[in-house]
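Take a look at the structure set out below.
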Amino acid sequence: MNRTFSIGGVHPHDSKISKDCAIEALPLPPTVYISVAQHIGAPAKPIVAPGDKVKVGQPIAEPGGFVSAFIHSSVSGTVKSIAPRADLAGNKQMCIEIAVEGDEWYEGIDTSDTLNTDFSDDNKEIIEKIRLGGIVGLGGATFPTHVKLSPPPGKVCETLIINGCECEPYLTSDYRTLLEKGPQVVTGTAILKQALSVDKAVIAIEENKPQAIEYINKLLSDLRKVSSKYTGITVMSLRKRYPQGGEKQLIDAVMHRQVKSGGLPIDVGAVVQNVGTALAVYDAVQKRKPLIDNTITVTGECFPRQANLLVRVGTPLSFIIDYLGGMPADAAKVISGGPMMGKAISNLDAATLKGTSSLLFLTEKQTRRRPESSCIRCGRCADACPMGLEPFLLNRLAHAGLTDELEKNAVQDCIECGCCLYSCPANIPLLDHIRQAKGQVMGIIRARAAAAKAAASK
Amino acid sequence: MSKLLVSPSPHIHADVSTSALMRDVVIALIPAVLVSVVFYGWSELLVLGVSVASCVLLEYLVTRFMMHKPSTIGDLSAVVTGLLLAMNLPSSTPWWIVFIGAVVAICVAKLSFGGLGQNVFNPAIAGRVFLLISFPMQMTTWEAPQGLFGADAISGATPLGQVKEGLLAGTPLSELVNSDYLSMLFTNIGGSAGEISALALLAGFVYLLCRRVIKPHVTLSIWATVALVSLIFSLAAPERFTGPLFNLLTGGMILGSCFMATDYVTSPMSVVGGIVYGIGIGFITMMIRYFGSYPEGMSFAILLMNAVVPLLNMWFHQKKYGRA
Amino acid sequence: MSQTIIWTIVIIAVLGLVLALVLWFIAEKFKVVEDPRIDEVEKVMPGANCGGCGFAGCRAFADSAVKAENLDNHFCPVGGNDVMQKVAAILGHEVKAKAPQVAVVRCNGTCEARPVVNDYDGAATCRVKAALYSGDTGCSYGCLGCGDCVSACQFGALSMDPATGLPVVDEEKCTACGACVKACPKAIIELRAKGPRGMRMFVSCVNKDKGPSVKKACANACIGCGICFKTCTHDAIVFDSNVAYIDYSKCKLCRECEAFCPTEAIHAVNFPKPLDKDAVKARVNERKKKAAEAAAAAQTTVKEDKQ
């Protein structure tokens, strides 16, 4: 029996209808809009001005703080403006608008397809290359990778976990990446392993992707014969269950360890990186190619043409949709990301970000929420919660505004995976309210920590 | 293109709803209902019909015209309450007593607390206990099972009733206990519809487990407690106390433990809480059976433990991730 | 029989006595000594426990007021000046009278003026909606229409107008406790001075976007043209990030800005007569003309002086 995480979880229908679509490159759009806030942490600071000529892979914004990342031009052309532009939720974000002219790459980037599985063993150099490449975690949180690779002093990493679970229904970009860019992903894994100086790396793949498991295993056994840098990397097949790809759940599944509330994975000796990130790391370290494109699954039963597209960062969503045949008539909701944790898009003119993994089209019938009825206290939400919380209780406390009680009942541990709302027979918008309460309680905890710090420094 | 839908995640929903869960409970009760109708005849059908019809009608009238809310009969919970109430009554119960039971169950025990999900006590049991106290004569006159078109119905006591009366009269236990457990499993013992066929009820219980409508921990902990308590007592004083098998198969034990104690609303949310709740029900039932003046204690036990549920919910919680 | 009755009486009497003693003993032992003035102050409070004063309730307010050295940081918005006078009398402090305030909704994005462009399907609260995205209309600053303010109001002073989709304040019932201000995630509701005979003026828009995009989103919005700012002779209009704001401490209620506002975003309430826009415009234009002439004349004098 394959491993999985120990608490809660649900089994939504797989719906990986685009899994046999090979990755294809999307043609260049006429204009890209590159946001300076594509990662967790401080937004990047633009270092170009309107009128400047830029090339593909040229840095156009530098980190705005320690937890921040470089941003590179994904096209060659002229910077038109640097102005606020509505993102997919309609909120204004500072964007660099570039009119595309040709496809000229920045100096020093290796654009050839030749595979290079040998890399330097200078950790500092690797991490610096990753930093300069503007690599961020592509599993959803878009946390700057170089920060994650520099554990705080005193913390030792024992295992690197490469997340290839792709537990969200519909998404297939990681799966296609594993199948088509397997050697690059494996090399990227070895580079990450080197950067962290760990002996053990696990590529975790759910058992519903047997082809990928088999292929990566074969690649690994071949590479191990060539270089000692590939020993210690193994593939682990995990039972299918959502949200296995959640960082905390994956660590539980792979290592049987649980990260303490408020702690980091490194506290239990783990660092988790996504398959897409491993590929980006390979590109940045071996080819000096920064993170300027990513694979996006375009899918949905109502969408006429399923696809896995290689898309330049900053491409307008409407351009992608038009390329694939336009908006289907019966699509009611467009989601960026998977159906469990993705964001509903209200503005189709928004541009893609580094972390955009999918465009999913759902029909009214598939996605419209059913009318809410009263809680029958069946406890399904509590059974489904992968953090062992009691959503029914948190929802009640949130309505009553009892922040102390909410904190006592660990609302701040919520990972917003959506299992509670997904499994509620009364269709109560549990997560909507819990997310609010979590934000409120996190604010209180942060304020308290800041006050304690101020008091300590006095 | 129409306007885009926008909502917070998740964007899909499991194929589950309150009415589907309740429908499963109704389906699970069908074998027992069929058996009881076949064995008790038309009078049982009348009790069932009156009970279900009045529960649904009352719920509709009260929610629409007293609470001024949309009617909630669509969730089928009133049907479940009606069925369970009927299965707790003797088939000879006059229709107006059944109706009073429905009034207590739906209006008093359920809707006055705010409707489904808010009630502290199991409505069907509250209705039954109210009738048991108010109409003890009618509620303890049991017909011995007869065929669907059977001639004279013979009234007799339930096995538990026989034991209680016999012990009070000084008859030794060995003469009182009918040790034909196989017949208890199938049918053939006096009692209410819900007591008549343990096997049909267990079939429904297994159905609910397979459909993952309920979890087995409450039921199992009741059975384990009843078995343990009766084993200890019957070993200590075999002439006074009945044994485990007798206690597990008689009275409302199966109906209560499988369908009433496992009611979502009135049982604890956490597994540990559920086990404690089950132990409480088993223990109180056995204490009433052995020492109380009523021959059967399942309803009282469940009702008493219902009152403890909020406390159990406060004490016992789910095991949380990353917190010892 | 009679013996049973006697025994019953005796037992109950003894039981009552013992329990009374126990209760008395406990009450003595756990007695909390409190300033009696707290009770007195609490008695004159409205007892709404709304939290509008910034304390957890009327009792907490009373407790704090009794301990405070003066009443500068204590004001009960519900009871207003009357209650504060009474509190001051009890505590022997002085209070300055505060101008009565009222909640004002600064959004006029009615259903007609601000068409709905997408279909919100989440929990029907403004807070959830605001956290999710910019809203179901083109305006990302305006009222979300889920009525968080209405449910926050303990005095029934707010209601949603189904025709406009906006909340309406009942001035009679509004106590200016500020609960709605805290509840609104878009910071649309503001407490403003009620003004003489309830007359007051305010800009009913908070959209900070630039003119063209605002115009596209809502027909009733402040487009940041700045005409009101140029018109005002009392320095009462603050113009910041493409939106005007009327400082009620400086506004003289002359209604000149209202006459010039191209989108009617400036609202004047409780005035006895509707505004005669043309007359005001003519008046202001005349004044401006005179001022321009005077300036020109002054300039010529300066020039002449120089010569």
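Every read-out reported here was derived from the displayed coordinates using simple, explicitly stated rules and does not represent laboratory data. Note that this is a predicted model, so its numbers are computed, not measured. Note: ideal-geometry Cβ built from the backbone for every residue, glycine included; neighbour counts use all protein chains shown.
Quick look at the values:
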item	result
Rg over Rh, two decimals, the stretch C:101-187 (C-alpha only, Kirkwood Rh)	0.95
Exceeding the 26 Å Cα-Cα cut-off - candidates A:K92/A:K181; C:K194/C:K273; C:K173/C:K210; A:K155/A:K458; C:K98/C:K288; A:K181/A:K354	A:K92/A:K181; C:K173/C:K210; A:K155/A:K458; C:K98/C:K288
Shielding of B:68-76 by partner chains, average beta-carbon count, 10 Å	1
Span from the the stretch B:274-324 Cα centroid across to the the stretch C:75-120 one, whole angstrom	51
Mean separation of Cα contacts under 8 Å, 6 or more apart, over the residue count of the stretch C:151-211: relative contact order %	22
Lys, Arg +1 and Asp, Glu -1 on Cβ, resulting dipole of the stretch B:1-150 about Cα centre, debye, nearest 20	400
Potential extension, B:K69-B:Q138 segment - 0.36 nm per residue separation minus Cα distance	21.2 nm
DSSP-defined beta bridges in the protein assembly as shown - what % are antiparallel, rounded to 5	65
Convex hull volume per residue for chain C, taking Cα atoms only, in Å³	257
Average beta-carbon neighbours from other chains, 10 Å sphere, peptide C:111-123	6
Residues of the stretch A:91-109 with amide N under 19 Å of the 7 Å Cα→Cβ point at A:A49	A:95-99
Electrostatic dipole magnitude of the stretch C:195-302 [Cβ: Lys, Arg +1; Asp, Glu -1; Cα centre; debye, to 20]	120
The protein assembly as shown: Cα Rg divided by the 2.2 N^0.38 Å rule of thumb	1.17
Estimated FRET transfer efficiency when R0 is 51 angstrom, pair B:I232-C:V33 (beta carbons, to 0.05)	0.35
Neighbour-count order for B:I27, A:I98, C:I38, fewest beta carbons within 10 angstrom listed first	B:I27, C:I38, A:I98
0 to 90° range, to nearest 10: angle between helix C:2-29 axis and chain C longest Cα axis	50
Over the stretch C:1-106, volume per residue of the alpha carbon convex hull, in Å³	170
Chain C, relative contact order [Cα under 8 Å, separation at least 6], %	14
Relative intensity, log₁₀ I(q)/I(0), of the stretch C:195-302 from a Debye sum that treats every alpha carbon as a point, q = 0.10, 0.14 Å⁻¹	-0.33, -0.61
Student exercise, chain C dipole from Lys, Arg, Asp, Glu Cβ charges, in Debye to nearest 20	960
Residue among A:I34, B:I281, C:F229 farthest towards the positive dipole end of the protein assembly as shown, charges placed on Cβ	C:F229
Isotropic mean projected area of the C-alpha convex hull, the stretch A:123-286 (nm²)	8.8
Sum of -39500 (n - 2.57) over DSSP H runs of 4+, divided by residues of the protein assembly as shown (222 nm, nearest 500)	-12500 deg cm²/dmol
Cα-projected label distance for A:N2 with B:D15, points at 7 Å along beta-carbon direction, nm	2.3
Separation of alpha-carbon centers, the stretch A:83-158 and the stretch B:41-69, rounded to whole Å	66
Unit charges at the beta carbon, dipole of the stretch C:120-268: most positive-side option, C:A268, C:C149, C:G138	C:A268
Between 0 and 90°, nearest 10: helix C:80-91 axis offset from chain C longest Cα axis	50
All-pairs alpha carbon distance profile, the stretch A:380-457, 5 Å steps from 0, percent	3, 18, 27, 21, 13, 8, 5, 3, 2, 0, 0
Nearest 10 degrees, 0 to 90: helix C:277-306 Cα axis against chain C principal axis	60
At 1.002 mPa s and 20 °C, Stokes diffusion of chain A via Kirkwood alpha-carbon radius, µm² per second	93
Farthest toward positive dipole pole in the stretch A:380-457 [+1 Lys/Arg, -1 Asp/Glu at C-beta], among A:S457, A:A382, A:G443	A:S457
GluC sites (Glu not before Pro) lying in DSSP loop within the stretch C:10-90, provided at most 11 other Cβ fall within 10 Å	C:E34, C:E69
Kirkwood Rh and Cα Rg combined as Rg over Rh, evaluated for the stretch C:36-91	0.89
Over 28 Å (Cα to Cα) - which of A:K193/B:K319; A:K193/A:K289; A:K55/A:K248; A:K209/B:K319 fall in this group	A:K193/B:K319; A:K55/A:K248; A:K209/B:K319
